[in-house]
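J.: I have a structure here, written as structure tokens, and I will follow up with some questions on it.
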Amino acid sequence: MSAPSPSRSQEGAGGDGFPQLFGKYVLVRPMARGGMGELFLAAAGERGFEKPSVVKKVLHNLDDAGVHRRFLDEAKVVVRLNHANLVQVFDAGRVNEEYYLAMELVEGKDLRAVWNRCAQLHRRIPVDVAIYVLREVLRGLDYVHDAMGLDLVHRDISPPNLLIGYRGEVKLTDFGLAKSAIKREMTSPGVVFGRYSYLSPEQARGLPADRRTDIYACGIVLWELLTGRQLFPSSNRTHQEALAAVRNPIVRAPSELVPGIPAGLDDVLLASLTPDPGKRYGNAGEFRVALSEILQRDFQSCDADRISEFMRDIFARECKIEARDYAELAQQDFSDLRARVQESEAISISDVIALETGPRKGTVTIPLGESDIFELDQPGRIPAQPNPRSLRESAESWVGRVVAQRYRIDALIGIGGMGAVFRVTHLALGKPFALKVLHDIYTGDADIITRFMREARAATQTGHPNIIDVLDIGTTDDGDVYFVMELLDGQNLGGVVRQQGPLAIRRAVHIVRQICRALAAAHEVGIIHRDLKCENVILTGRGKDPDFVKVLDFGICKHVNADVSQTSPGLVMGSPDYMAPEQGAGLEATVASDIYAVGCILFEIVTGRLPFEGRNAIDVLMQKGAREAIRATAYRAELPEPLADVIARCLARTPGLRPASMRALEYELTRAVDGRATA
């Protein structure tokens, strides 16, 4: 794939023209090229914070006004969508007459690459993996079809547009051919959009597409994954022959072609592939439920971890190389490139299309990211903090301002010791985010700024769905440092326990398992959180899961390869109620320290109280160093003994006696409540 020629005044130092500046993004290298657009691996940020992302540009040699309209239609649609099974688009605009979308980077491969790799390895895609992947695609489609009354239809469900991450996530992308109620361009009679091999009969006849069209395409993809062959191959066929095959489909049951098809799956699949749209599933949710029932009956252990293991198995080398490359990219500093290159003519998408996005409803909860910090050599002494009243007055003065010409500050959400958090609206997208600003009294403190920036970097390095996503970072004209993150609708775990009391056992374990997954991802990139507590865990709705976890506040996190001089001797950082004994003694935080904190969280949410309580922070830490925690069953007798054993192991005073890793802890938790561990 050849690299595009650099835009004027944007050529970088690389011999191939990369990296190159494109508006506020640095295009690192080309990734893929399609009929309408080109994808680039990109970096967004400043001051050494470079968030890996993807920029999609309309091909600069396409002057067709219809192409530009379809691209703008895509922008209008995708910025309104927010779902775990959709690739998140967080920016859109135009630079030097080139239109673009900026979206999250999914570390993984598209389904076409998965298919090709399995073919190279002479392996079939496992049946449970195929069912799970399509079940998750349908979960996203079920949201898309009903999202905000847009009457949205994707119209291009196909393997290249289905992404599978190395951590087991499944995401749908590319709404360039989407049809919705807000589209400006109406489909011309008889014009066929989409790929021949994944068209529905009605699409192939040039008839209007609706949600059942997407269901049919999902059925084709699942049929192909199960059988290992194409349902409607287009090679060696003329245009007319390919369309004729699609218009008059002949579909055999997968079990007639390959062994190992579970009972009932043929019927479920063929119901999605009937030529008559009226006889298909009425919506994606019905199809998803039917697949879920088969998974529950025959493949109970198939979950995101199973998909992750499969992906890391067939793409073992790529996974390691890409993780290293993305980690290196996150550490790069393109400040010199940005300084050398003349500022581009960047215009927000709001100057091109009008978005009518109303405010999101629900209770807004966002992290403040401030932790308890105290000196051990001066027991009971808490460092002087800024006057709360003056901080609030300063923060409230920000409301109504526009930051970086794109974030309008709408309301103050909260104030902490390090910074203030605001609800903001992205003027270009009409989409709400949270913006965190470092208190101006700290702008001259290099250590505080470093810690603030470290929070932003750490949150974005993992890219894990259970860790809050940081989207942008910058400095205002007045020198105030800020970063932008997703706005969460939900409540912190501590507040839930205070309102509802001890949680049901399975609910508690479900929540803590997600925390384990998030921290496992952080540990894998060398990040120790050091301040896990219930207040840093937000429960938000995601699909049908009302307890989807987001882990927050990496403000005092530690990189395992960091220079120890970055931490002051004798300075203990963290929250004493959740802090491991070794942290309280002033020793370095490790994976075991985070595991101890998870044990405290689990103890609290199943008993309604902390494992250690005292007169003050020092008293609590002294107790932790002097004795083992009381067994959780002392406060909740019906707690399963295996689960109480896991909690006790997490709270062991000796780090070596705790579970070896977050993944090991997740395994033990599942086994404790189910009597076995899921794959």
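J.: Which of the residue pairs Lys76/Lys109; Lys56/Lys533; Lys57/Lys533; Lys51/Lys320 have a Cα-Cα distance greater than 30 Å in the structure shown?
T.: On the way: Lys76/Lys109 26 Å; Lys56/Lys533 38 Å; Lys57/Lys533 42 Å; Lys51/Lys320 19 Å.
Over 30 Å Cα-Cα: Lys56/Lys533; Lys57/Lys533.
J.: Over the range 481-559, with every protein chain in place, what whole percent of the accessible area is carbon and sulfur at 1.4 Å, could you tell me? Display every interim value, and only then the final one.
T.: Details: 1050 of 2150 Å².
In the range 481-559, the share of accessible area belonging to carbon and sulfur is 49 percent.
J.: Now, a different point. Quick one: accessible area per residue over the range 73-131, 1.4 Å probe, rounded to a whole number of Å²? Walk me through the numbers on the way to the answer.
T.: On the way: 1910 Å² over 59 residues.
Accessible area per residue: 32 Å².
J.: Once the piece of chain linking Leu121 and Asp545 is laid out straight, how much longer is it, given 0.36 nm per residue of separation minus the C-alpha distance between them? Numbers along the way, then the final one.
T.: Working: separation 424, 0.36 × 424 = 152.64 nm, distance 3.61 nm.
Gain on extension, Leu121 to Asp545, equals 149.0 nm.
J.: If you take the charge dipole of the range 217-342 about its Cα centre, with +1 on Lys and Arg Cβ and -1 on Asp and Glu Cβ, which of Trp223, Met311, Ser301 is farthest toward its positive end?
T.: Sorting the options by dipole projection puts first Trp223.
J.: Ok, one more. Quick one: Cα convex hull volume of the range 587-671, Å³ per residue?
T.: On the way: hull volume 7.8 nm³, N = 85.
In the range 587-671, the Cα convex hull volume per residue is 92 Å³.
J.: Relative contact order for the range 211-300 using alpha-carbon pairs under 8 Å, separation at least 6, rounded to a whole percent?
T.: 38 percent
J.: Give the carbon-plus-sulfur fraction of the accessible surface of the range 586-679 in %, rounded to a whole number; probe 1.4 Å, heavy atoms of protein chains only. Walk me through the intermediate numbers first.
T.: Numbers: 2210 of 4010 Å².
Solvent-exposed carbon and sulfur of the range 586-679 make up 55 percent of the total.
The values are calculated or read from the model by the stated rules, or taken from the named source; none is laboratory data. Quantities reported herein were computed from a predicted structural model and do not represent experimental measurements. Note: ideal-geometry Cβ built from the backbone for every residue, glycine included; neighbour counts use all protein chains shown. Each accessible area value is taken on the protein alone, full model and side chains, heavy atoms only, with ligands, DNA and RNA left out. Shrake-Rupley method; radii C 1.70, N 1.55, O 1.52, S 1.80 Å.
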